[in-house]
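Input: a single structure, listed below in structure tokens.
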Amino acid sequence: MSQWAKVQQSPTIFREMQKNYPPYFPMEVRYFLCQWIEDQQWDMIDTNNLQYSSVAEKILNEMLELLRCKTLELTSQEFFIIRIKLEESVQRLENLVKTNPLEMVQVIKNCLAMEEKLIGQSEGTENDSKNLQHKQESFIIRFSDSQKISAQLQQLAQMPISAEKTQKEVQLRAQKDHIDLQLAMLAQELLQLRIDLARKYEETIIGLQELQKEILDNELISWKRRQQLAGNGLIMTNSSLETLQQWCESLADLIWQNRQQIKKSTQLQQQLPIKFPDNKEDLLPKLNDTITGLLSSLVTSTFIVEQQPPQVLKKDARFGAVVRLLVGGKLNVHMNPPQVKATIISENQAKDLLRNDVKAKNDTSGEILNNNGTMEYQSSTGQLSINFRNMQLKKIKRADKKGSEAVTEEKFCILFQSEFSVGGNELVFQVWTLSLPVVVTVHGNQECNATATVLWDNAFAEPGRVPFMVPDQVEWKMLADQLNMKFMYHTGKGLSETNLTYIASKLFGKKDPSTCMVTWAQFNKDTLSNRSFTFWEWFYAIQKLTKEHLKDLWTDDAIIGFVSKNQAQDWLSKQPMGTFLLRFSDSEIGGITIAWTGERKEVWNLAPFTAKDFHIRGLADRIKDLTSLVTLYPNKHKDQVFSKYYTSAAENVSNDGYIRPQLRTTIPEYPIANDINHKYVEYPSILLLPLSPRNIIVIMSI
């Protein structure tokens with residue numbers, strides 16, 4: 001086993017080494033280059049001799065190159081912080097290697113020496129346990145000798161008095177006194193060994209508690225938080241969960257080994273009871289309870305929902321979820337495959353469950369079909385999990401409404417329950433875990449408002465909250481980050497600061513958004529000024545339109561999108577005739593309009609296109625149809641931008657040889673309006689039949 005592997009196995013050593021690694025040589029460097037660092041002949045470099053500077057610089061430059069390569073490999077978003085830390089380490093190390101490579105080598109040598117020393121001390125605990133057992137066996141043997149002598153003395157006492165008897169009795173008593181003295185000394189030594197060993201166990205358990213706190217309260221909670229944000233568009237990879245499972249399994253192994261050692265020490269004490277002095281406490285019972293509690297906490301906390309059910313859950317629709325036990329393989333839970341049951345519970349029922357209400361586990365707020373299954377173990381990955389593929393919500397029981405709360409604001413969750421046995425049924429754990437909150441819908445038109453509830457909950461839920469409390473208002477910057485993440489996930493490109501400033505104006509008008517708070521009511525209950533829809537309904541409709549019909553154009557920067565009508569007119573009024581831009585409509589929910597410059601510098605706006613229009617003819621083809629549109633703002637010819645999205649002539653002929661008719665978009669030559677800067681132009685469409693590349697016959701007007 002490598003030296004670093006031993007460091008990782010011992011929480012005490014790991015914690016101690018965290019204090020010893022300097023900022024310019026952090027443990028992350030040691031972790032990613034563990035084997036390479038141990039393979040180098042550091043002792044061959046005399047750090048007190050300047051002649052070794054070139055050798056030191058060469059080997060350290062190799063280390064830097066390996067670090068740079070490792071940094072480039074950490075591309076996923078979840079490794080962002082680690083990548084930044086490694087990049088900073090590379091910069092610091094570069095400076096140190098240039099100025100004093102021998103000092104850097106000495107730092108590495110010191111760290112390795114400290115690891116070796118701590119490992120030796122740790123391995124001493126196991127040696128102490130063996131030594132204790134050996135001495136106890138010696139004590140038992142000597143005690144048996146004393147018992148034999150006592151038996152002999154009892155036999156002599158039955159014999160007639162004689163000189164030989166007296167001499168023999170004196171010899172035996174002398175032997176017994178000598179053995180009893182040895183036993184008394186050995187008993188004190190055994191007692192001290194037991195006390196010392198228990199203290200070492202106590203120190204180890206303290207280290208395990210700290211390590212478990214780091215893994216469960218920081219790393220696991222952080223993963224769950226990222227999983228929640230993934231519901232708003234954060235990109236996650238499986239590698240982080242695999243790393244987390246490795247940590248949890250190593251921790252489980254350490255806890256189990258130490259628990260077995262404590263049990264062994266307890267058995268030794270039971271075999272040979274030695275009374276503790278009044279000022280000394282037998283720590284083993286308390287330590288056994290503590291470490292069993294650690295194991296229980298680890299098992300129950302690592303029963304997680306790996307793949308969440310859909311957070312907008314439509315009644316009667318099929319849905320799935322994956323539940324996993326991160327320590328199942330290491331603790332051989334799969335030897336007795338556990339059953340898992342899924343039920344849907346309300347917000348209040350979730351609160352009762354977290355209050356340890358015994359009856360809460362049997363509560364339900366609906367009926368789910370195909371909600372039972374057996375966990376399966378994959379030996380190749382070491383994963384113990386269950387994939388619920390075909391669950392179906394058949395019934396739902398809603399709570400009484402709270403004031404003006406809509407049904408799309410009511411939150412439920414899926415409760416997963418199981419029972420695990422560990423150590424050949426020595427320990428049995430009742431476990432459960434909750435999914436993220438879900439909103440149950442019965443109609444498709446509820447999806448928008450249900451998504452708003454989910455987004456707000458995913459974004460602003462705090463760790464350890466009472467289910468499913470969220471703040472009623474948040475800073476605009478916090479909401480803006482979530483909107484950007486959501487839009488990027490669905491459309492492939494995020495929102496610029498200019499976009500977000502315009503979006504903020506829908507809520508705050510001309511106020512500085514950085515100083516503003518957004519309430520839940522502003523977000524999705526109150527309608528926008530002079531509009532019949534809420535802020536979220538407006539944003540959601542744009543996101544949906546872009547995702548389904550405009551994604552390529554949006555990612556290609558062909559759509560400015562989030563700009564006011566007045567701003568667009570100001571820009572275009574200074575441009576040549578035929579200059580146009582695409583912006584999302586303020587008045588038509590889920591609409592996008594084309595604004596363009598006329599021959600007298602007047603700015604026209606086409607009536608907004610919506611999804612139903614693009615089901616008939618795509619935006620790029622409509623732009624191609626309109627000869628009044630020449631240059632995409634500020635200065636790109638429209639064909640340069642949109643031609644790759646035009647429908648080709650070959651696509652107009654079906655497989656059966658029939659020619660498909662087309663709808664083309666037209667604009668009246670000069671619409672008459674009193675206020676041309678604010679007049680929308682309707683776009684009649686005509687049905688066209690392509691006969692040849694240059695000849696088109698008008699069939700009918702639509």
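The values are calculated or read from the model by the stated rules, or taken from the named source; none is laboratory data. Because the structure is predicted, anything quoted here is derived from the model rather than measured. For neighbour counting, all protein chains shown are included, and Cβ atoms are generated from backbone atoms with ideal geometry for every residue, glycine included. Accessible surface areas use protein heavy atoms only, side chains included; no ligands, DNA or RNA. Shrake-Rupley method; radii C 1.70, N 1.55, O 1.52, S 1.80 Å.
When the pairs 574/624; 315/486; 314/544; 544/574; 286/361 are compared against a 28 Å limit on Cα-Cα distance, 544/574; 286/361 fall above it. Within the accessible surface of the stretch 18-105, defined with a 1.4 Å probe on protein heavy atoms only, the carbon and sulfur portion equals 51 percent. Summarising the amide proton neighbourhood of residue 494: residues at separation of 5 or more, or on other chains, whose placed amide H is nearer than 5 Å comprise an empty set. Residues whose amide H falls under 5 Å from that of residue 313, counting only those 5 or more places apart or on a different chain, are 439, 440, 441, with hydrogens built in the peptide plane.
The angle separating the long axis of helix 101-157 from the principal Cα axis of greatest extent in the chain is about 40 degrees.
Full extension of the chain between residue 515 and residue 400 gives 37.7 nm of extra length, using 0.36 nm per residue less the Cα-Cα distance.
Checking every one of the trypsin sites (Lys or Arg not before Pro) in the stretch 492-531 against DSSP loop status and a limit of 12 other Cβ atoms within 10 Å picks out 510, 511.
Decide, for the stretch 112-169, between rounded, prolate and oblate: order the square roots of the alpha carbon gyration tensor eigenvalues as a ≥ b ≥ c, take rounded if a/c falls under 1.5, and otherwise choose prolate if a/b is larger than b/c, else oblate. Verdict is prolate for the stretch 112-169. With R₀ fixed at 56 Å, the C-beta to C-beta distance from residue 217 to residue 635 puts the FRET efficiency at about 0.50. Mean silhouette area of the stretch 38-110, derived from the convex hull of its C-alpha atoms and averaged over all directions, reads 5.1 nm². The length gained on full extension between residue 98 and residue 225, counted as 0.36 nm times the residue separation minus their Cα-Cα distance, comes to 41.6 nm.
Accessible area per residue for the chain, computed on protein heavy atoms with a 1.4 Å probe, is 52 Å². If one takes the longest principal axis of the Cα atoms in the chain, at what angle in degrees, from 0 to 90 and to the nearest 10, does the Cα axis of helix 476-491 lie? For helix 476-491, the angle is close to 80 degrees. Restricting the calculation to alpha carbons of the stretch 19-156 gives Rg and Dmax of 26.2, 87 angstrom. Protein heavy-atom surface of the stretch 467-569, 1.4 angstrom probe: 48% of the accessible area is carbon and sulfur, with nucleic acids and ligands not counted. Only DSSP H runs of four or more residues enter the estimate; each adds -39500 (n - 2.57), and after division by the residues of the chain the mean residue ellipticity at 222 nm equals -15500 deg cm²/dmol. Mind pulling the angle between the C-alpha long axis of helix 239-271 and the longest principal axis of the chain? Nearest 10 degrees, somewhere in 0 to 90. That works out to roughly 20 degrees.
Which entry in (1) 27.1; (2) 30.1; (3) 32.4 is this structure's computed Kirkwood radius over Cα pairs in Å? Given (1) 27.1; (2) 30.1; (3) 32.4, the structure-derived one carries the label (3).
For the chain, the relative contact order is 7 percent, taking Cα pairs closer than 8 Å that sit 6 or more residues apart in sequence and dividing their mean separation by the residue count. Looking at the square roots a ≥ b ≥ c of the eigenvalues of the Cα gyration tensor of the stretch 296-391, which shape do they give, rounded for a/c under 1.5, prolate if a/b is larger than b/c, or oblate? Oblate shape, in that a/c is at least 1.5 and b/c is the bigger or equal ratio. Rounded if a/c is under 1.5, else prolate if a/b beats b/c, else oblate: with a ≥ b ≥ c from the C-alpha gyration tensor eigenvalues square-rooted, which is the stretch 75-118? It is oblate, given that a/c is not under 1.5 and a/b is not larger than b/c.
Tell me, in nm to one decimal, what length is gained between residue 425 and residue 607 on full extension, where the rule is 0.36 nm per residue of separation less the Cα-Cα distance? The span from residue 425 to residue 607 would gain 58.4 nm if fully extended. For residue 559, the amide hydrogen comes within under 5 Å of no other amide hydrogen, counting only partners 5 or more places away or on other chains and with H modelled in the peptide plane.
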